[in-house]
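Got a structure for you, questions after.
The values are calculated or read from the model by the stated rules, or taken from the named source; none is laboratory data. What you are looking at is a predicted structure, and each value in this text was computed from that prediction instead of being measured. All Cβ positions, glycine included, derive from the backbone under ideal geometry; neighbour counts span all protein chains shown.
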Amino acid sequence: MTEINEDEKGKIIIKTPMEIAKEHELEYDTRFGGFWAKKVVDVDLSKEGGWALQGNFVPKNKAIIISNKEWFVVASDFGSWKYHKWHYLLLRNIDGNLIETDVNPEDFKDKVAPEVYVKALNSQLYAFAVFIYLEKQKEQTP
């Protein structure tokens with residue numbers, strides 16, 4: 001069994017994806033059943049759309065551990081059959097608080113290649129992957 005560092009004990013979050021979605025007021029329509037959640041462990045910008053977010057899907061009612069500084073994505077679909085939409089949340093555990101992150105591709109237009117920027121404009125999930133990639137680069141820079 002892995003021991004949790006004393007400094008990290010108050011920083012982990014143990015919840016189900018559905019609890020997280022409700023806390024962040026994510027719209028969810030049970031008619032569609034299109035709810036999913038993923039712990040993001042890495043990004044691969046050579047992939048398309050949400051497949052650029054590398055990690056494991058998490059069952060919506062299964063409790064999970066989100067460690068400090070980990071990224072988490074929750075998605076749900078809602079609306080009518082005619083006007084069907086997806087809503088996505090990008091969250092990060094910062095010292096025991098899940099912080100929702102608004103991602104706008106315009107904010108990193110000049111920091112990535114034009115083809116990466118265009119992919120981010122066309123896919124919110126891909127934009128999340130680019131944002132995480134850039135954040136990880138900032139954290140690794142001394």
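Just a yes or no: is a residue in the range 66-76 surrounded by fewer than 18 Cβ atoms within 10 Å (Cβ to Cβ) and in a strand (DSSP E or B)?
Checking the range 66-76: not a single residue is surrounded by fewer than 18 Cβ atoms within 10 Å (Cβ to Cβ) and in a strand (DSSP E or B).
Taking the residues in the range 89-103 that are surrounded by fewer than 17 Cβ atoms within 10 Å (Cβ to Cβ) and in contact with a helix residue (DSSP H, G or I) (Cβ under 8 Å, 6 or more places away or on another chain) as candidates, determine which candidate is nearest to ALA75 (Cα to Cα).
So the residue we want is THR101.
May I ask you to list the residues in the range 130-140 that are within 12 Å of THR101 (Cα to Cα) and not acidic (Asp, Glu)?
The answer is PHE131, ILE132.
Can you tell me which residue among GLN124, GLN137 is within 16 Å of LEU26 (Cα to Cα) and of a type outside the set (A, V, I, L, M)?
Answer to the selection: GLN124.
I'm checking my understanding of the structure. Among residues of the range 1-37 that are at pLDDT below 80 and β-branched (Val, Ile, Thr), which one is surrounded by the most Cβ atoms within 10 Å (Cβ to Cβ)?
Filtering first and then ranking leaves ILE4.
Name the residue that is surrounded by the fewest Cβ atoms within 10 Å (Cβ to Cβ), counting only residues in the range 104-130 that are farther than 16 Å from TRP51 by Cβ and under 18 Å from the mean Cα position of the chain (by Cα).
Top of the filtered list is ASN104.
Hey, another quick one. Has the range 61-74 got at least one residue that is of a type in the set (Asp, Glu), touching a residue at least 40 places away in the same chain (Cβ under 8 Å) and on the phi < 0 side of the Ramachandran plot?
Looking through the range 61-74, none of the residues is of a type in the set (Asp, Glu), touching a residue at least 40 places away in the same chain (Cβ under 8 Å) and on the phi < 0 side of the Ramachandran plot.
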